[in-house]
Each structure stands twice: as C-alpha cells, then as structure tokens.
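Student: Just dropping this structure here.
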Amino acid sequence: MQNLNKELEKSFHFPIEQRLDDLFLKENFWKCLYTSAEEQLHYWIILPNSLKPTSLHKKEIKGLDLTIIGEYTRIDDSPYLEVSVGYEFCKYEMNTSDWLLKKLYIMGEQILNYRVIEGKTTGEYLDVLTYKKMPSGDEVISRFTCLKDFDKERNGANHFCVKASCLKKDYDNLALNIFQIVSNWDLTNKSDWQMAEVLVPFDFDFTEKVLFYYPASWQGGFDKTSNEDCVRVVLTHTIDEENKGIINLFMYPENLFTSANQVQKNALRNIYNLEGVSLDISEMVKIETANPFIKSLFQMEGEIDYSLENFSANIRVYVIQTNSGWYCINLVGPKPNLQNYFWEVNKRTLEIIINSFNNLKMEHSQEYSRIEIPNSKEQSYKVFKGKNYTKEEWIRYEEQQWLKNNNKRK
C-alpha cells in the first residue's frame, strides 16, 4: 500500500452505486456457477459475456498463502479484463478486511480508494481499488472485494476475495463493469455462521451485570486479587503451548475515578512500575463506538519492551465507561508481521468484546454508520511517540511493523 502521487489517486473514480440499466445487464452479463472444488468453496458470480473460465482448478500462489480456484479472461478482442477468485483457510477469527490488506501489501498493490463495510456481528470487509505496475511495464487497475464463511469440515473460516483487473488506459470505460463483477458474487452453500469460531458468553454481576462475548479458542479466569473495588479477568490465547495474546479486563465502580486516564493508569500500574519495562504508547483518545450501551470509549496503542526477558510486543488499551462502571481492557501480544495472523486475531477479539459489551445482540446505535469511504486523509488519527498520524499514515506504520517483524519468531 505504498503511496501514489495525489494526481494519480484522483484519476480514478470509485463507483459504489450501479448505474448500468437492467436491459444492458441482461444482454451483456451471465451468471457463472462454480462447483469444481469442495462444497464449501462453491460460489456464483456475475460476469460479462466476453469473459469465460480459463482455469477452475486450485492453484497455490507461492509466498502469498492464497489458493486461486477460478480464473476468467476475455474470449474476444474487447479491452483486457481478467477476474480471479481466491481463498485461504484460517483457524482463528479475524476481520477479512485485515486479511485482505495484508495480501494486497505482499502483492505490491497500491491502494487508490477503498471503503470499509462492517457486518453486524461478523467484522469488517473491504472494497478496494488498487494500482500496480507489472514487470512488463503494463499499468493495471484492480478492484477487490472479500467475504468469509465458516468451514464446518475444518473448523475455521475460509476468507475469499474476488479481483477484477484491467489496463489503466481502459479503466474509465470498464469501471462500472468491474463494479458490477465485484459487487455481485456470493457463496452457493453459505453457512448460517460467517465466523471462524463460536463465541463464548461472559456473565458476571458487578456494580451492573457485565456481559460480553469472546472467541472459544481463548481461555478465561478471574484473578485471585479481585475485590469489591476491582475485579480482574484474564483471557489468554495459547497456541501450540505458546501464549499468543493475553487480555486483562479490570472492572471498577463508576464513582472510583473521574477520567479514563485515571482508569488506565490504575489498571496498568504493574506494567508502569515493572523493572526493565519500556512502554511507548499513544495518547489516550476518545473514539466512536457502535455499541449503544457504552457511554464513552477511549483507546491507546503502542509497544512494550521487557529487557529482562528479551520480550517485545504490541499493546492495546481500551477504557469503557458505562453509567455504572469503568472498565479497562488491555491486550499484549505479537506485533504486526507477515509470518502469521496473531496480531489480526488479537485485534478482532478486542473488537468482539467491545461490540458485545453489555450488548450480546450487538445492536448498533442509530447515529453510527460503518459504511466508510475515507475522504479526509489529513485528519489526525493517532498520536504515537510524539508524532501525529493520519489513518493512512498509521496503516503504513503497521505495514513497516509487518516487515520489521517478518523474520522474528513471536
């Protein structure tokens, strides 16, 4: 997701509403039914009449951990247009948007525009327009969309993406056709559960009834030092006997503190005071939340280094305020890297906890809209190590962390 110059970014429109009339669609498109692999991989997709299958057999893309299951190319002298469908199986729950972002980075695709679309309970998805200059010198514009579905045979989720590509010089004429392709496909045998894991409910009577979900692969328990002024819950994610994430939830009565900063300082005091620990963390900021049962939500993020154990990790901290209590959730786990999805899994787990906090139906507030088309790249998104980051700059910073930690075992 390297930056393009601003002029190139502005050169390509990004339609999000179909403007092709029904008669044109009926005369120029056909419905392809894919049934060449396992039942859980069957899909349908609407394609132009000029495109026909060239390969329907699984093809592993080396270095990308992506399996292509369908490829479609033109059969006439119309402008070059190519469509491919690929997937990857992942055992643990994460956002398909995060999955696709990493694929785009590895492929060298440069993002021109995108929108994030959030399912009510299933996380975030991505619709994205990209640019890439090929070794041949050809400049290619592609549009990707994605989805995921539970795989009952393997107990996890298949993450799918569709890619439609054309030459840069032809994009203006093909933009609506491409949008039609990437917005009209789905799984034929989609399950009733579009997540990798079942969710476990947490239920505890505190100053109020505290409820939320977390993925079943996490193990939870109460800390023995809990008392009436502070209850601590610990969730751990152990994979192959290694800890890949630990979440601490601290619960406090509402009248015990007057600010979110007081809450996080109390919850993190053992970290702040631990010998050999260096903590670089962003300033605490108030952020938007879709959860109508949360009065206020605050967030900070950074890095933690523990010299005595030669340990370095990502840390995320959220403070929740309700009408009856303060809650601090902090997660320590692997930094972003290209070797695995542990950072993405941890991020998604936090989102599930926050979205379902006292809100097991995961209802959204009426004021909250999560169909997003970024249009203000200069707005400050996060302050970290004394630097203001826009959202785009923060994504690039996380990409740098992917590379920095790619060859390190986490």
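The values are calculated or read from the model by the stated rules, or taken from the named source; none is laboratory data. Since the structure is predicted, the reported quantities are computational estimates derived from the model, not experimental observations. Reconstructed Cβ throughout: ideal geometry from the backbone, glycine too, with neighbour counts over all protein chains shown. These accessible areas exclude ligands, DNA and RNA; they are computed on the full protein's heavy atoms, side chains included. Shrake-Rupley method; radii C 1.70, N 1.55, O 1.52, S 1.80 Å.
Student: Taking amide H positions as placed 1.01 Å from N in the peptide plane, with prolines and chain starts having none, which residues 5 or more places from ALA216, or on another chain, fall under 5 Å of its amide H?
Tutor: Placed amide hydrogens put VAL198, VAL200 under 5 Å from ALA216.
Student: Turning to a different aspect of this structure: So, in nm, how far is label ASN261 from label GLU39 when the simple model puts each one 7 Å beyond its Cα toward the Cβ?
Tutor: With each label point 7 Å from Cα toward Cβ, the separation is 5.8 nm.
Student: Here's something else I'd like to know. So in the chain, which Cys have no other cysteine's beta-carbon sitting under 4.7 angstrom from theirs?
Tutor: Cys with no partner Cβ under 4.7 Å: CYS32, CYS90, CYS166, CYS230, CYS328.
Student: Of all accessible surface on the chain at a 1.4 Å probe, what whole percent is carbon and sulfur?
Tutor: The C+S portion of the solvent-accessible surface of the chain is 47 percent.
Student: Let me ask you something else. Points 7 angstrom from Cα along the Cβ direction at VAL277 and ASN243: gap in nanometres?
Tutor: Output for this residue pair reads 1.1 nm.
Student: A follow-up question, please. Can you list the residues, at least 5 places off or on another chain, whose amide H is less than 5 Å from the amide H of SER226, using H built in the peptide plane?
Tutor: ARG232
Student: Can you bin region 1-109 into rounded, prolate or oblate? Criterion: square roots of the alpha carbon gyration tensor eigenvalues sorted a ≥ b ≥ c, rounded for a/c under 1.5, prolate for a/b above b/c, oblate for the rest.
Tutor: Oblate is the answer for region 1-109, as a/c is 1.5 or above yet b/c matches or exceeds a/b.
Student: Can you work out the FRET efficiency for the pair TRP30 and ASP138, with r the C-beta to C-beta distance and R0 = 41 Å, to the nearest 0.05?
Tutor: After rounding, the FRET efficiency stands at 0.90.
Student: Moving on. Using each residue's phi in region 280-291, evaluate 6.51 cos²θ - 1.76 cosθ + 1.60 at θ = phi - 60° and report the 3J(HN,Hα) Karplus result to the nearest Hz, with x for Gly and Pro.
Tutor: Per-residue couplings from phi come out as 10, 9, 5, 5, 6, 10, 7, 10, 6, 9, 7, 7 Hz.
Student: Charges at C-beta only: +1 for Lys and Arg, -1 for Asp and Glu. How large is the resulting dipole of the chain about its Cα centre, in Debye rounded to 20?
Tutor: Roughly 600 debye, rounded to the nearest 20.
Student: Can I ask one more? Pull out the extension gain between LEU360 and GLU82, defined as 0.36 nm times the separation in residues minus the alpha carbon to alpha carbon distance; nm, one decimal.
Tutor: Once the chain is fully extended between LEU360 and GLU82, it gains 95.8 nm.
Student: Which of the following values of Rg and Dmax of the Cα atoms in Å was calculated from the structure shown: (1) 21.1, 62; (2) 28.3, 83; (3) 22.8, 75?
Tutor: Of the labelled values, this structure produces (3).
Student: Straight-line reach from LYS52: which aspartates and glutamates have Cα under 20 Å away, leaving out those fewer than 8 places along the same chain?
Tutor: Counting by Cα, and skipping residues close in sequence, LYS52 has these aspartates and glutamates nearby: GLU27, GLU71, ASP76, ASP77, GLU82, ASP170, ASP186.
Student: Roughly how big is region 253-334's charge dipole about its Cα centre, with Cβ charges of +1 (Lys, Arg) and -1 (Asp, Glu), in debye to the nearest 20?
Tutor: The dipole magnitude comes to about 360 debye.
Student: Could you tell me which of the pairs LYS190/LYS295; LYS59/LYS148; LYS62/LYS361 are separated by over 30 angstrom between their Cα atoms in the structure shown? Working shown, then result.
Tutor: Numbers: LYS190/LYS295 36 Å; LYS59/LYS148 19 Å; LYS62/LYS361 41 Å.
Violating the 30 Å limit, Cα to Cα: LYS190/LYS295; LYS62/LYS361.
Student: With θ taken as phi - 60° and the coefficients 6.51, -1.76 and 1.60, list the Karplus ³J(HN,Hα) couplings across region 27-36 in order, rounded to whole Hz; mark glycine and proline as x.
Tutor: 3J(HN,Hα) across region 27-36, in whole Hz: 7, 10, 10, 9, 9, 9, 10, 9, 9, 8.
Student: For VAL116, what residues show an amide H to amide H distance below 5 Å, using hydrogens built from the backbone and excluding near sequence neighbours?
Tutor: Here the answer is GLU372, since their amide H atoms fall under 5 Å of that of VAL116.
Student: Would you mind working out the accessible area per residue for the chain, using a 1.4 Å probe, and quoting it in Å²?
Tutor: With all protein chains present, the chain gives 48 Å² per residue.
Student: Further, regarding this structure: Taking square-rooted eigenvalues a ≥ b ≥ c of the alpha carbon gyration tensor, is region 256-365 rounded, prolate or oblate, where a/c under 1.5 means rounded and, failing that, a/b exceeding b/c means prolate? Write down the numbers at each step before the final one.
Tutor: Working: a/c = 2.67, a/b = 1.37, b/c = 1.94.
Oblate shape, in that a/c is at least 1.5 and b/c is the bigger or equal ratio.
Student: Here's something else I'd like to know. Residues of region 171-197 with amide nitrogen under 18 Å from the 7 Å Cα-to-Cβ point of ASP21?
Tutor: Counting backbone N atoms under 18 Å from the label point, the list is 176-177.
Student: Can I ask one more? By how many nm would the segment from GLU309 to GLU288 lengthen if fully extended, with 0.36 nm per residue of separation less the alpha-carbon distance?
Tutor: 3.9 nm
Student: Mean residue ellipticity at 222 nm from the helices of the chain, using -39,500 (n - 2.57) per DSSP H segment of n ≥ 4 over the full residue count, to the nearest 500 deg cm²/dmol?
Tutor: -5500 deg cm²/dmol
Student: Once phi is turned into ³J(HN,Hα) by the Karplus curve 6.51 cos²θ - 1.76 cosθ + 1.60 with θ = phi - 60°, what whole-Hz value does each residue of region 186-196 show in order, with x for glycine and proline?
Tutor: 6, 7, 6, 10, 4, 7, 7, 9, 9, 9, 6
Student: Of PHE12, PHE24, which has the most accessible area and how do the rest follow, probe 1.4 Å?
Tutor: The ranking, largest first, comes out as PHE24, PHE12.
Student: Let me make sure I get this right: for region 139-281, a, b and c are the square roots of the gyration tensor eigenvalues over alpha carbons, sorted descending. Under 1.5 in a/c it's rounded, otherwise prolate if a/b > b/c, else oblate. Which is it?
Tutor: Working: a/c = 2.67, a/b = 2.03, b/c = 1.32.
Prolate shape, in that a/c is at least 1.5 and a/b is the bigger ratio.
Student: Could you compute the FRET efficiency for ASN270 and LYS295, with r as their C-beta to C-beta distance and R0 at 41 Å, rounded to 0.05?
Tutor: With a Förster radius of 41 Å, E is 0.95.
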